[in-house]
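In what follows, a single structure is set out as structure tokens and then discussed.
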Amino acid sequence: ISETLCVVRTKELIVLLQEGHDFERKSKCEAKWWKQLSTLTRRSFVNMSRDVGYYWIRITIYVALSFCVGTIFYGVGSSYRAIFARGACGAFISGFMTFMSIGGFPSFIEEMKVFNKERLNGYYGVGVYILSNFLSSFPFVTVMSVATGTITYYMVKFRPEFSHFVYICLDLIGCIAVVESSMMIIASLVPNFLMGLIIGAGYIGVMMMTAGFFRRIPDLPKFFWRYPISYINYAAWGLQGAYKNDMIGMEFEPLEPGGPKLKGEFILKSVLGMEIDYSKWWDLGAVMMILIVFRVLFFLILKFKERVGPLFYSIYARQTLHRIKKRPSFRKGPSFPSKRHQSLHPLSSQEGLNSPIR
């Protein structure tokens, strides 16, 4: 009986998967897109605000680590040793600070589960969901970035101009938003958060290795690591912009007392291997472009899963039904000869009777 019920349920699943797209198109929400966007953004913002582990703990850790960075690199100055100290500080802020965005991955997994259920009922579109997710998370990302930028900027005593402080905050906002977008893409592809954490950590690790701090970008192997990885690496563009924002226009003390001072442009080009032919705002623009590309890629992945997912599930269900039918309990005859399963004969042919009973 249980196997018969399994067959019936499998057949029902095949029918539902074949008719899923038509049902979804018929049950689409009739509300305007802006109404869907405002409602979904408000609900997502409330959920993020109430979930302590989504952003509040991360904001607390960001603030705590910013004070640690500020005390370690406090008033770093412009001596010769300060060149490497400033480089290390900028690399930590642009690299390890953005790495902590992976902490929200379990919440991303739960959010994707809710989206899949609501999308199946046609409550809203994929584009509306992606835009609302970005808008609802933007205030929290801004708070993390501004808090980190403010504490480290004034404790380390980077450039005193306000425009440089604004650039640091914008650079952090872009990098953290890119990391969150990449985590959302991974969350839409993996079956559980443990696998997502492993893949996400590996991805960010590769981005950090090719950002230009651990090894200069011109020294990277040209095949694959420099072309194309370093060019599609948000961390490389973010770190270059941060270095330019801090060092262009500065002068550092020479190694030997009495020698000529070292200009920041010389340090960037010869020591750090950074390109100074274009402005730091181009680097920030590249980070924002990567953010847009990731959001578009996220949209395409969700659309692809909607179109192709039911087909794969249907194939899997048919294979399951085929395997169930091959089980011995579903065969018409016995799977092996036995006296308990003998074919029935007419009564006239039994015990020597040659004619039916009248």
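Read-outs throughout are calculated quantities, based only on the coordinates presented, and are distinct from any laboratory measurement. Worth saying up front: this structure is predicted, and the values here are computed from it rather than measured. A quick note on method: Cβ atoms are made from the backbone with ideal geometry, for glycine too, and the neighbour counts reach across all protein chains shown.
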About its Cα centre, what dipole magnitude does segment 136-284 give when the only charges are +1 on Lys and Arg Cβ and -1 on Asp and Glu Cβ, stated in debye to the nearest 20?
200 debye
Quick check on segment 112-247: take the gyration tensor over C-alpha atoms, sort the square-rooted eigenvalues as a ≥ b ≥ c, and tell me if it's rounded (a/c under 1.5), prolate or oblate.
oblate
Count the lysine pairs in segment 20-171 whose Cα atoms sit under 29 Å apart, keeping only pairs 8 or more residues apart in sequence or on different chains.
9
Could you give the distance between the Cα centres of segment 161-209 and segment 33-78, to the whole Å?
13 Å
At the level of C-alpha centres, the distance separating segment 223-276 and segment 89-140, in angstrom, is 32 Å
Along the charge dipole of segment 76-129, pointing to its positive end and built from +1/-1 on Cβ of Lys, Arg, Asp and Glu, which listed residue (107, 95, 128) has its Cα farthest out?
95
Taking the Cα centre as origin and putting +1 on Lys and Arg beta-carbons and -1 on Asp and Glu beta-carbons, what dipole magnitude results for segment 29-172, to the nearest 20 debye?
60 debye
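Go through 210-216, 267-273, 184-190 and give me the packing order, highest mean Cβ count within 10 Å leading.
The most tightly packed comes first, giving 184-190, 210-216, 267-273.
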In terms of the alpha carbon gyration tensor, root eigenvalues a ≥ b ≥ c, rounded if a/c is under 1.5 and otherwise prolate when a/b exceeds b/c or oblate, segment 24-165 is prolate
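Specify whether the C-alpha gyration tensor of segment 191-239 places it in the rounded, prolate or oblate class, a ≥ b ≥ c being the square roots of the eigenvalues: rounded for a/c under 1.5, otherwise prolate if a/b is larger than b/c and oblate if not. Don't skip to the answer; put the middle values down first.
On the way: a/c = 2.74, a/b = 2.23, b/c = 1.23.
Prolate, since a/c reaches 1.5 and a/b exceeds b/c.
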